[in-house]
Amino acid sequence: MVLSSTGSPTAASPVKLSRIMAFSSFPSTSTRTSTKSARLSSTRTTLPGRRRRRAVDTIVRQLLFSLYFSRSPSIFSGGKKLPFDGLTLNRIVQELKRELVGGRIERIYQPTELELLFIVRLQGKKQNLWLSAQANAPRVHLTALKERPSSRSSGFLTLLRRHLEGGRIVALEQPGLERILHLDIANFDELKRPVNYRLVVEIMGKHSNIILLDPGEGKILDGIKRYSHALSRYREVLPGRPYRAPQTDKLDPRGLPEEDFFAATLSSLPPATPLSKALQQRFQGLGLATAREVVLRAGLEEELLLEECGLYELRKLFLALKELVTEVTEGKSLPTLALEEGKPIEFFPFVPLSFPGQREHGSMNEVVDRFYTLRSEAQRLDLLRQQLARKIGRRIEQAEKRLGALNTLLEEKDPEKFRLWGELILANLHRLAPGMEEAVLENYHEPGSPPVTVPLCPSLTPVECAQRYFELYRRTKKARDTAQVEKEKLEEELAYLASVATALSQAEKLEELEDIAAEIEEEETGRPTSSRLEAPHPLKFVSPSGFTVWVGKNNRQNEYVTFKLASPDDLWLHARGVPGAHVVLKTGGKDPAPEDLHFAATLAAYFSQARQSAQVPVDYTRRANVRRPAGSRPGLVTYTQEQTLFVKPEEAKSTFSRP
């Protein structure tokens, strides 16, 4: 809406009638009403104007924080060292030998610039071998892909397909305990002559690479990364150059005599070096997390320094290292994925002492694949959340700007004075004459008839001046009425956006964010999306007495919970005055025990914008008392005959449990 004005008529500064205000038109909409007996509730709850503005301001701050947090370093963005070390690779190679040696390479894909996928068939079973030279996620492992990824085209992929597809994997070897894997492949050339190739996977952080060799001549055919002596003094990775393995001065701890361990640990390192760092720098196969595990297994302090160790401590360290390495290399350890609140933290080829919390176990390939699958899902979750937060933030900013302009219009433009001026002119025609610029007339509508200065247009007669003021009154009143309707519409939109932002901040799964994205798209375009064909998946809990409790985490789930899953006799709950979840306690018409009602109320408080509050009022009523207003946005309902409980949201953390 654009407001244009050349001024505002006042007594101190008269304005000619020829300078009439021009108002742009407002889109019309029905006026929303609420009564004491029917309360509006939703993830878009109706609030008084000032409280609504404060709620929206809170949401905007949450969105800004979300955008900042999504940029902070984490294991999901490459900000933390990843745990793929030589012992992990050793355990993976043990499993790959059983699954791949003798298998035929059917197809090779290149999903990204630095990643490859080999489809290998052995004895009628297909395996997916994933190779990555990405700096923040270099690795090699089997993966349980549900569908084939799209493949980019590159010269390196063309070379691999020409030489390796149709060939058989005859050997997999790891030099020492280094993070290097050799895949030896036997194939035939165009003349059906047997040829051999070696694919070298170097897992070295930012220096990781995947290189195809002619093992007979030891020359490089090509690499997924090429570089010359301009980048590396030690070696070049270019077609036709001889292959040189990465430099290392680390020792293989297998078969290492005790005296050599002492010498290697004590030599060439500063005395103030922590023990774990000394192990990681001097011996193959050990990442920093694994080195810390060796120190813990030796019964020593994790931060113990080299200078603080005597022969007693070093001997304990030597025995712990030998035991751990033997356990892994002989296949006797249990690979472990360490998680925190469902998010992957580290993976190990053994059960770690350093992560006693949430764990998952399986083969080493399964654990590594699970880690990177969860990591990829978390990255997609963060990216989508960030995109949606930006979109909602922009819409909130635009709506707030329009609302501010409307408030200014409603505060400044009073149409009643134009009507008054017209009436006073008509009542005093005998005192007025053409050519007058203003007149001081008595306002007979007020006690004492105080004087009012009425601006006049010299080029018009008094009657024409009065007609102009009546016309200006009608136009201004219509503009104010339209502006008031538009204001209410904007306030509803801001409350709706607040509900979406609350759902966005509490979404934990990709499908929940996809639901929100589909809802926003549908709300903006007015067309249903294809994803709406599937039934939503609200949260399900069990109360202390065994009643089912359904919780909607976004507007679509709220609609489903309230109008599909709930029966008329079930109890319906919602945090009062804030956006939040629709909660249904499935009682089947029975009166629930106080602890069941309290349980459901804490869930309603926890899954609301008031989650961080010390105490939250929660309304509850029978589902039969909940109605959806005609033409309303998703999640908006009215309810009557409600009662209120006051609960602490934090209690939900320790009391609820999903079945």
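The values are calculated or read from the model by the stated rules, or taken from the named source; none is laboratory data. The model shown is predicted, which means the values in this text are computed figures rather than measured ones. Cβ: placed from backbone, ideal geometry, glycine included. Neighbour counts: every protein chain shown. All accessible areas refer to the heavy atoms of the entire protein, side chains included, with ligands and DNA or RNA removed. Shrake-Rupley method; radii C 1.70, N 1.55, O 1.52, S 1.80 Å.
Does the range 426-438 include one or more residues that are in contact (Cβ under 8 Å) with a residue 40 or more places away in the chain and open to solvent by less than 40 Å² (accessible area, probe 1.4 Å)?
Filtering the range 426-438 down to residues in contact (Cβ under 8 Å) with a residue 40 or more places away in the chain leaves 426, 437-438.
Now drop any that are not open to solvent by less than 40 Å² (accessible area, probe 1.4 Å), which leaves none.
The answer is no, given that none of the residues of the range 426-438 is in contact (Cβ under 8 Å) with a residue 40 or more places away in the chain and open to solvent by less than 40 Å² (accessible area, probe 1.4 Å).
Scanning the range 271-294 for residues that are touching a residue at least 60 places away in the same chain (Cβ under 8 Å) and assigned to a helix (DSSP H, G or I) yields 288, 289, 290, 292, 293. Condition test on residue 216, is it open to solvent by less than 70 Å² (accessible area, probe 1.4 Å) and modelled with pLDDT under 95? No; evaluated as a whole, the condition is false for this residue. Of all the criteria given as (1) in a loop (DSSP other than H, G, I, E, B); (2) hydroxyl-bearing (Ser, Thr, Tyr); (3) touching a residue at least 12 places away in the same chain (Cβ under 8 Å), the one not satisfied by residue 473 is (1). Within the range 262-303, being of a type in the set (Phe, Trp, Tyr) and at pLDDT 90 or above holds for one residue alone: 283. Number of residues in the range 627-645 that are under 18 Å from residue 553 (Cα atoms) and of a type in the set (A, V, I, L, M): the value is 2. Counting only residues that are in contact with a Lys or Arg (Cβ under 8 Å, 6 or more places away or on another chain), without any contact (Cβ under 8 Å) to a residue 40 or more places away in the chain and not in a loop (DSSP other than H, G, I, E, B), the range 336-353 holds 4 of them. Residues that are part of a helix (DSSP H, G or I) and open to solvent by 50 Å² or more (accessible area, probe 1.4 Å) were ranked within the range 591-610; the one that is farthest from residue 539 (Cα to Cα) is 594.
Between 346, 340, 293, the distinction of being within 32 Å of the chain's Cα centre (by Cα), charged (D, E, K, R) and crowded, with 19+ Cβ neighbours inside 10 Å belongs to 346 only. Looking at 577, 588, just one residue is assigned to a loop (DSSP other than H, G, I, E, B), in contact (Cβ under 8 Å) with a residue 60 or more places away in the chain and at positive phi, and that residue is 577.
Checking each residue in the range 296-305 for being hydrophobic (A, V, I, L, M, F, W, C), within 22 Å of residue 86 (Cβ to Cβ) and either within 39 Å of the chain's Cα centre (by Cα) or not in a loop (DSSP other than H, G, I, E, B) (or both) picks out only 296. So residue 613 passes all but one of these: (1) surrounded by fewer than 19 Cβ atoms within 10 Å (Cβ to Cβ); (2) more than 23 Å from residue 500 (Cα to Cα); (3) in contact with a Pro (Cβ under 7 Å, 6 or more places away or on another chain). Which condition number does it fail? Just one mismatch for residue 613, condition (2).
Do you know which of the residues in the range 616-636 that are at pLDDT below 90 and surrounded by 24 or more Cβ atoms within 10 Å (Cβ to Cβ) is farthest from residue 539 (Cα to Cα)? Explain how you work it out, then say what you get.
Just the residues of the range 616-636 that are at pLDDT below 90, to begin with: 628-636.
Okay, now just the ones that are also surrounded by 24 or more Cβ atoms within 10 Å (Cβ to Cβ), so 635-636.
Numbers: 635: 16, 636: 19 Å.
So, considering only residues that are at pLDDT below 90 and surrounded by 24 or more Cβ atoms within 10 Å (Cβ to Cβ), the one farthest from residue 539 (Cα to Cα) is 636.
Just one of the listed residues (373, 408, 326) is among the polar types (S, T, N, Q), open to solvent by 40 Å² or more (accessible area, probe 1.4 Å) and either in contact with a Gly (Cβ under 9 Å, 6 or more places away or on another chain) or at pLDDT 95 or above (or both), namely 326. Tell me yes or no: at least one residue of the range 470-477 is on the phi < 0 side of the Ramachandran plot, open to solvent by less than 70 Å² (accessible area, probe 1.4 Å) and of a type in the set (Lys, Arg). Checking the range 470-477: not a single residue is on the phi < 0 side of the Ramachandran plot, open to solvent by less than 70 Å² (accessible area, probe 1.4 Å) and of a type in the set (Lys, Arg). Picking from residues in the range 123-141 that are without any contact (Cβ under 8 Å) to a residue 40 or more places away in the chain and not in a loop (DSSP other than H, G, I, E, B), the one that is farthest from residue 84 (Cα to Cα) is 125.
Right, residue 134: among the polar types (S, T, N, Q), closer than 24 Å to residue 379 by Cα, crowded, with 21+ Cβ neighbours inside 10 Å and within 35 Å of the chain's Cα centre (by Cα) or not?
Values: among the polar types (S, T, N, Q): yes; closer than 24 Å to residue 379 by Cα: yes; crowded, with 21+ Cβ neighbours inside 10 Å: no; within 35 Å of the chain's Cα centre (by Cα): yes.
No.
Does residue 318 satisfy the criteria of being open to solvent by less than 30 Å² (accessible area, probe 1.4 Å), touching an Asp or Glu at 6+ places or on another chain (Cβ under 6 Å) and not assigned by the TED database to the domain that holds residue 177? Judged against the criteria, residue 318 is a match. Among residues of the range 630-643 that are in contact (Cβ under 8 Å) with a residue 40 or more places away in the chain, those with a beta-carbon under 7 Å from a residue that is assigned to a loop (DSSP other than H, G, I, E, B) and crowded, with 21+ Cβ neighbours inside 10 Å at least six positions away or on a different chain give the pairs 633/44; 635/42; 635/43; 635/44; 636/42; 636/44; 637/42. Summed over the range 483-492, the residues that are closer than 16 Å to residue 414 by Cβ and open to solvent by less than 30 Å² (accessible area, probe 1.4 Å) give a count of 1. Looking at the structure I just gave you, is residue 167 surrounded by fewer than 16 Cβ atoms within 10 Å (Cβ to Cβ) and over 27 Å from the mean Cα position of the chain (by Cα)? No; evaluated as a whole, the condition is false for this residue.
Residue 414 fulfils the conditions (1) assigned to a helix (DSSP H, G or I); (2) open to solvent by 30 Å² or more (accessible area, probe 1.4 Å); (3) under 18 Å from residue 474 (Cα atoms) except for a single criterion, (1).
A single member of 268, 333 is part of a loop (DSSP other than H, G, I, E, B) and open to solvent by 30 Å² or more (accessible area, probe 1.4 Å), and it is 268.
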